[in-house]
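Asker: Below is a structure I'd like to ask you about.
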Ligand code: G6P
């Protein structure tokens, strides 16, 4: 959570930082602030969006002339959203200011001791505590800012990505990270440096970046090579590993769509195809997930797989469980990373953990990986953001290659995750002989047609928008499915609640009679994913149960369906396919349905309230 941008170089810092903050707003938008150093160290902060900050600076005619500065967009953890709690936070003597993403866990003990020493806090944030603590280390140990920054951080428990600007060092930025991401871009001759929580604010300026590692401090001096040191040893100079950014600026624009979310929904025929590219080879009749090939034997011999993830990625994990158990016959457990890490799980050295994450930064998933790693398990990552923390900490993995996902509600990253899991399940099933060669070839040939079938489903866009108009004012919704369609019901419900704020629940259809059925009346829309599969007759009974209580049934059915279409009040068709591919198709109308309902309710679809795309706090 929280977005960080900083700049030092020959250009004007303000426009670069503001533009960068807009790109990072998906990480939180409770408040925004900026520090610009010229004659003075000016700090401007406002509650709410980055545009509020811009309006304020314009209206008040604030001085923005500077070649060095830093900005922050906040997702509140300590202290309510307000301009006082907004970053940057000054040291008490106003000599320097910091911006921070993460949580300082020992902030309350530090705060108490600083209060005893006479420090007076203005905000409720843990970040101000850190600023004052650095100042105190500087004073009490008689250290310069660089050493005080390092020594203070050694005493911090928690997670952080920090940038510091000091009045007395107008040509230098100081940055550090532990568990929260930080990327540093630079151009030829080190004339300009760009620092950010992810590469999206950097890509238009340079493609050369380094990803700061945990417990590293960067001393960023204009015109000089980047200096990186280990927090624990001031004399240890770390050699930076320079990476080349792979995505383009065009990939970040809305491309004529009203919202990023809609654009990303419509990108799915391409993103799923991109995810398969080079992996699904019909000519040779093979699937090759290059990033995990060295671990294939281990996967084939695994006694069990544990999938860990959060949110939408966890739903992809559930589909993975169904796919792998069904096709490969290896037991799979799917765990919320936040539960897994704290419940003292049994992890053996021969366990394989599959960690799924769009951002590659989710704090709980990262911590669960570290725990499993410390017990000797092998970790495989499925991530979207190239170079993010999870792919850098796992033993092997596959990128989803869905491209940057900006809408807070995950869409194309989810279908790309499901694509990787389907590829993996098919590859392992083939190698393990749990499906016949003929079946394998039949399935991979069908898999290749799925991107086109996603396009066919997208062609129902107008019909789904009309349906959304009918249901935009409901207060509750129930989503039901069985088998592969159960995780889809969960994901459909999550999409609706996160962007439209309508209460929605996903349930295995047969579980409905153990509780949710009590909620059904003539106002309750029940969205049933009822495609053709082995349990078609069973889901028909569940629909009858809903209809008997006068519930309104919206059914997602296979194109050739006869019976359910007659029973449902409304139906949306998806092209017929093997049941293992249904999640990739049936998800699409549910994403569109949630999107249009949210738009019609006037909700901020790309930035839903209280949410953030990259959850770097636990
Ligand atoms: C947040 C996002 C969700 C996402 C979840 C897990 O809650 O809003 O869309 O599914 O985090 O994030 P990850 O990046 O690990 O997939």
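Asker: Please list, ordered by first then second residue, the pairs with beta carbon atoms under 9 Å, 6 or more apart or interchain, first in region 461-474 and over 13 Å from residue 526 (Cα atoms), second modelled with pLDDT of 95 or more and assigned to a loop (DSSP other than H, G, I, E, B).
Answerer: Note: pairs meeting the criteria are 472/502; 472/601; 473/601.
Asker: Could you run through region 216-239 and say how many residues are part of a loop (DSSP other than H, G, I, E, B) and surrounded by fewer than 16 Cβ atoms within 10 Å (Cβ to Cβ)?
Answerer: 5
Asker: Considering each of 283, 230 in turn, give the residue that is without any contact (Cβ under 8 Å) to a residue 12 or more places away in the chain, over 27 Å from the mean Cα position of the chain (by Cα) and more than 20 Å from residue 380 (Cβ to Cβ).
Answerer: The match here is 283.
Asker: In addition: So if I check each of 355, 409, which one is within 11 Å of the ligand (Cβ to nearest atom) and over 12 Å from the mean Cα position of the chain (by Cα)?
Answerer: After applying the criteria, what remains is 355.
Asker: Out of region 317-337, which residues are in contact (Cβ under 8 Å) with a residue 60 or more places away in the chain, surrounded by 23 or more Cβ atoms within 10 Å (Cβ to Cβ) and either away from the ligand (no atom under 16 Å from the Cβ) or within 19 Å of residue 376 (Cβ to Cβ) (or both)?
Answerer: Residues satisfying the conditions are 323, 324, 327, 328.
Asker: Write out, first by first residue and then by second, each pair whose Cβ atoms fall under 6 Å of each other, whose residues are 6+ apart or on separate chains, and whose first residue, in region 264-277, is under 16 Å from residue 382 (Cα atoms) while the second is buried (at least 24 other Cβ atoms within 10 Å of the Cβ).
Answerer: The qualifying pairs are 271/402; 271/412; 271/416; 272/415; 272/419; 275/400; 275/416; 275/419.
Asker: Only one of (1) surrounded by 24 or more Cβ atoms within 10 Å (Cβ to Cβ); (2) farther than 20 Å from residue 417 by Cα fails for residue 345. Which number is that?
Answerer: Looking at each condition in turn, residue 345 falls short on (1).
Asker: Is it the case that residue 382 is over 29 Å from residue 438 (Cα atoms), buried (at least 23 other Cβ atoms within 10 Å of the Cβ) and either away from the ligand (no atom under 11 Å from the Cβ) or within 15 Å of the chain's Cα centre (by Cα) (or both)?
Answerer: no
Asker: Next question, about the same structure. Give just the number: which of (1) in a helix (DSSP H, G or I); (2) touching a residue at least 24 places away in the same chain (Cβ under 8 Å) does residue 511 not satisfy?
Answerer: The failed condition is (2).
Asker: Another question, if that's okay. Tell me which residues, restricted to region 246-274, are closer than 14 Å to residue 23 by Cβ and surrounded by fewer than 20 Cβ atoms within 10 Å (Cβ to Cβ).
Answerer: Those that are closer than 14 Å to residue 23 by Cβ and surrounded by fewer than 20 Cβ atoms within 10 Å (Cβ to Cβ): 247, 248, 249, 250, 251, 252, 253, 254.
Asker: Just checking, which of 394, 415, 365 is crowded, with 19+ Cβ neighbours inside 10 Å, within 14 Å of the ligand (Cβ to nearest atom), more than 18 Å from residue 305 (Cα to Cα) and within 22 Å of the chain's Cα centre (by Cα)?
Answerer: None of the other options fit; the residue is 415.
Asker: Shifting gears a bit: Which residue, of 32, 76, is under 23 Å from the mean Cα position of the chain (by Cα), part of a loop (DSSP other than H, G, I, E, B) and either surrounded by 17 or more Cβ atoms within 10 Å (Cβ to Cβ) or at pLDDT below 95 (or both)?
Answerer: 76
Asker: Let me ask something else about it. Are any of the residues in region 537-553 closer than 17 Å to residue 593 by Cα, outside any helix (DSSP H, G or I) and touching a strand residue (DSSP E or B) at 6+ places or on another chain (Cβ under 6 Å)?
Answerer: Yes, because at least one residue in region 537-553 is closer than 17 Å to residue 593 by Cα, outside any helix (DSSP H, G or I) and touching a strand residue (DSSP E or B) at 6+ places or on another chain (Cβ under 6 Å).
Asker: Among (1) touching a residue at least 40 places away in the same chain (Cβ under 8 Å); (2) surrounded by fewer than 24 Cβ atoms within 10 Å (Cβ to Cβ); (3) within 24 Å of residue 320 (Cα to Cα), there is one condition residue 589 misses while meeting the rest; what is its number?
Answerer: Among (1) touching a residue at least 40 places away in the same chain (Cβ under 8 Å); (2) surrounded by fewer than 24 Cβ atoms within 10 Å (Cβ to Cβ); (3) within 24 Å of residue 320 (Cα to Cα), residue 589 violates only (2).
Asker: Would you be able to say whether some residue in region 115-130 is part of a strand (DSSP E or B) and in contact with a strand residue (DSSP E or B) (Cβ under 9 Å, 6 or more places away or on another chain)?
Answerer: For region 115-130, residues part of a strand (DSSP E or B) and in contact with a strand residue (DSSP E or B) (Cβ under 9 Å, 6 or more places away or on another chain): absent.
Asker: For the subset of region 98-131 comprising residues that are surrounded by fewer than 24 Cβ atoms within 10 Å (Cβ to Cβ), more than 28 Å from the chain's Cα centre (by Cα) and within 22 Å of residue 617 (Cα to Cα), which member is modelled with the lowest pLDDT?
Answerer: In this case the residue turns out to be 108.
Asker: Of the residues that make up region 455-471, is at least one buried (at least 21 other Cβ atoms within 10 Å of the Cβ), modelled with pLDDT of 95 or more and farther than 26 Å from residue 554 by Cα?
Answerer: No, region 455-471 contains no residue that is buried (at least 21 other Cβ atoms within 10 Å of the Cβ), modelled with pLDDT of 95 or more and farther than 26 Å from residue 554 by Cα.
Asker: Next up: Filter region 275-284 for residues that are buried (at least 17 other Cβ atoms within 10 Å of the Cβ) and assigned to a loop (DSSP other than H, G, I, E, B) and give the result.
Answerer: Answer for region 275-284, where residues must be buried (at least 17 other Cβ atoms within 10 Å of the Cβ) and assigned to a loop (DSSP other than H, G, I, E, B): just 279.
Asker: Let me ask something else. Hey, does region 569-577 have a residue that's free of Cβ contacts under 8 Å to residues at least 60 places away in the same chain and either in contact with a helix residue (DSSP H, G or I) (Cβ under 7 Å, 6 or more places away or on another chain) or in a helix (DSSP H, G or I) (or both)?
Answerer: yes
Asker: Here's a follow-up. Please pick out the residue among 602, 551 that is over 22 Å from residue 490 (Cβ atoms) and away from the ligand (no atom under 16 Å from the Cβ).
Answerer: 602
Asker: Now for a different question. When residue 430 is evaluated against the numbered criteria (1) at pLDDT 95 or above; (2) within 16 Å of the ligand (Cβ to nearest atom), which criterion, by number, is the only one it fails?
Answerer: So the condition that residue 430 fails would be (2).
Asker: A follow-up question, please. Quick check: is even one residue across region 36-54 free of Cβ contacts under 8 Å to residues at least 60 places away in the same chain, under 19 Å from residue 220 (Cβ atoms) and buried (at least 18 other Cβ atoms within 10 Å of the Cβ)?
Answerer: yes
Asker: For region 11-23, indicate whether the set of residues that are farther than 22 Å from residue 206 by Cβ and surrounded by fewer than 24 Cβ atoms within 10 Å (Cβ to Cβ) is non-empty.
Answerer: So far as region 11-23 goes, no, none of its residues is farther than 22 Å from residue 206 by Cβ and surrounded by fewer than 24 Cβ atoms within 10 Å (Cβ to Cβ).
Asker: For region 293-316: of the residues being within 12 Å of the ligand (Cβ to nearest atom) and in contact (Cβ under 8 Å) with a residue 60 or more places away in the chain, which is farthest from residue 411 (Cα to Cα)?
Answerer: 308
Asker: Of these, 402, 377, which one is more than 8 Å from the ligand (Cβ to nearest atom) and over 17 Å from the mean Cα position of the chain (by Cα)?
Answerer: Unique residue meeting the criteria: 377.
Asker: Let me ask something else about it. Those residues that are away from the ligand (no atom under 16 Å from the Cβ), over 14 Å from residue 472 (Cα atoms) and in a helix (DSSP H, G or I), I need them from region 578-599; list them, please.
Answerer: 579, 580, 581, 582, 584, 585, 586, 588, 589
The values are calculated or read from the model by the stated rules, or taken from the named source; none is laboratory data. Remember, predicted model here, so these are calculated numbers, not experimental data. Note that each Cβ is placed from the backbone with ideal geometry, even for glycine, and that neighbours are counted across all protein chains shown.
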